[in-house]
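Just below is one structure, and these are the notes that go with it.
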Amino acid sequence: MEDLTKGQQQSHNRANEAAVQVLHTKLVIAEDSLQTKQVLITELQDHIKDLEQQLQQQKEYEQKVQGEKQQLELNLATIKAEHEKCCNLMPTHIAIKSVKLSEKYIQMRNDRVQGATSIGTLETFELIRHPNGMVSFKSTCFPNLYLSVEASKFLPGLQNGGGSVKCSNTCGSREMFWIDWADNAEVGIEPADFKARFLMMNGNGVLQGYKGSLELFYIVVVK
């Protein structure tokens, strides 16, 4: 091979330098690409870790909610059991005695409701307990006869009471009452259909009124 001329040698050197530069550039690009991929892989791994942590937190939250639900169900079951226990302890046969009027009791005959001065069969009721917490007062003397109320003749602000307290041979909402416990075992007897009205006993008999001393009673257990 003939010796290269000086010009040819320079040209050859430049070509080699250019080739080296291209190779270097490709190597840099390849390294940058690899670094980029590595960064993306790292970010993806971090994202996966975040998702796993969120999933774990979600599982822990669901477990907590499930635990709270089970505890609430247990508490509800306990409350129901206590309620049933209390209901079973409540007397079945009772009399309704006035707090204001000494030795006055509600008496139910087969055609009317009035006051009485002693406890007998006419003054004795079977306490019927309903699932919603209300009660009814059933006569122990007359079959299927219940204490009942209606709205007639009841006027707001009527000092001496009003409305009608009677007996009924059916047991519906007019024959259901809430027992409103006051102090010293005193109770108000509130009709289910007429809120803020209460059974009342005065010199005129058994009526309805707004809660005061005439609307307070004792529940007397009859043995």
Nearest-0.05 FRET efficiency for R129 and E150, computed from C-beta distance (R0 22 Å): 0.45
task: For K100, tell me the accessible area in Å² from a 1.4 Å probe, rounded to the nearest 10.
output: 120
- prompt: What figure in square angstrom, to the nearest 10, would you give for the accessible area of T117 with a 1.4 Å probe?
  reply: 100
statement: Taking N as the number of residues in segment 96-144, the ratio of its alpha carbon radius of gyration to 2.2 N^0.38 Å works out to 1.21
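Would you mind getting me the FRET efficiency between Q70 and T170? Use the beta-carbon distance for r and R0 = 35 Å, nearest 0.05. Each step should come with its number before you reach the end.
Numbers: r = 42 Å, r/R0 = 1.21.
Taking R0 as 35 Å, the efficiency between Q70 and T170 is 0.25.
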task: Note down the accessible area of R112, probe 1.4 Å, to the nearest 10 Å².
output: 100
- prompt: For segment 95-126 and segment 165-192, what is the separation of their Cα centres, given in Å?
  reply: 14
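Filter the cross-link list K100/K211; K97/K138; K138/K195; K49/K69; K166/K223; K138/K166 down to pairs whose alpha-carbon distance in this structure exceeds 18 Å.
K138/K195; K49/K69; K166/K223
The values are calculated or read from the model by the stated rules, or taken from the named source; none is laboratory data. Only a predicted model underlies this, so the values are computations on that prediction, with no experimental measurement involved. Virtual Cβ from ideal backbone geometry, glycine too; neighbours counted across all protein chains shown. Ligands, DNA and RNA are stripped out before the accessible areas are found, and what is left, the full protein with its side chains, is counted by its heavy atoms. Shrake-Rupley method; radii C 1.70, N 1.55, O 1.52, S 1.80 Å.
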